């Protein structure tokens, strides 16, 4: 079992729809959770970080964390073609420790 | 967020040569930097943790004598790929770990694409 698991996709949604990306993790003691976006040929960029149960909203992005169920999700509202990318989930056991990344979910937003 | 630079952004070299990649944290002092490698259409693979003033910690399966890491200052870490071979061709990315807005976060450099002929 991988430490951080994501559906590889591809996930395809029409423009304007809500894209839902999911991530599960195996270490129950994990403390910090991150979503990164990676365009083809580019380095990942941080979109959201979340540390406590519940929802965290930033513009069109909402991260949801459920530590009891060991999952974290990312919702993208009003999806745009420019959101087409691979989304990486990352988990840290301690705040100062290294991140463990999932394999990523490829999202395609169709005009 | 943190500004992280890498140099060079792209390098092509002949098999057997050594290549040095620099990672700089431009706007804060980083005691810890991480080096990742990513092959096409594959996930990020952590190679090593670079700690300022001490030896790097390598992940299992990563040859420390082949991938030399030096973290000489709080703003600079270097990765040297020694005696590079075509199978070392990959996208090498460093990340800087730091405290922003009260939380510990990793920020990625733009990456260095290495092609070994």
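The values are calculated or read from the model by the stated rules, or taken from the named source; none is laboratory data. These numbers come from a predicted model, not from an experiment. A quick note on method: Cβ atoms are made from the backbone with ideal geometry, for glycine too, and the neighbour counts reach across all protein chains shown.
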Exercise. Look at region A:25-43 and say how many of its residues are within 13 Å of the chain's Cα centre (by Cα) and either over 24 Å from residue A:82 (Cα atoms) or away from chain B (no Cβ under 12 Å) (or both).
Key: 2
Practice problem: Might you let me know whether region B:97-111 holds any residue that is more than 23 Å from residue A:33 (Cβ to Cβ) and away from chain A (no Cβ under 14 Å)? | Solution: no
Exercise. Might you check whether a residue that is within 9 Å of chain A (Cβ to nearest Cβ) and surrounded by 13 or more Cβ atoms within 10 Å (Cβ to Cβ) occurs anywhere in region B:46-55?
Key: yes
Quiz item: Which of the following residues is over 17 Å from residue B:44 (Cβ atoms), without any contact (Cβ under 8 Å) to a residue 60 or more places away in the chain and within 14 Å of another protein chain (Cβ to nearest Cβ): A:75, A:46, A:65?
Solution: A:65
Quiz item: Just for region A:85-104: of the residues that are surrounded by fewer than 22 Cβ atoms within 10 Å (Cβ to Cβ) and under 15 Å from residue A:25 (Cα atoms), which one is farthest from the other protein chains (Cβ to nearest Cβ)?
Solution: A:93
Exercise. Taking only region B:24-45 into account, find how many residues are within 11 Å of chain A (Cβ to nearest Cβ), more than 30 Å from residue A:9 (Cβ to Cβ) and out of contact with any strand residue (DSSP E or B) (no Cβ under 6 Å at 6 or more places or on another chain).
Key: 1
Quiz prompt | Answer from B:54, B:43, B:90 - the residue that is closer than 30 Å to residue A:106 by Cβ and free of Cβ contacts under 8 Å to residues at least 40 places away in the same chain | solution = B:43
Quiz item: For region A:31-55, what are the residues that are in a loop (DSSP other than H, G, I, E, B) and crowded, with 20+ Cβ neighbours inside 10 Å?
Solution: A:43, A:44
Quiz prompt | Qualifying residues in region B:31-60 (those that are in a loop (DSSP other than H, G, I, E, B) and under 23 Å from residue A:89 (Cα atoms)) - the one modelled with the lowest pLDDT | solution = B:41
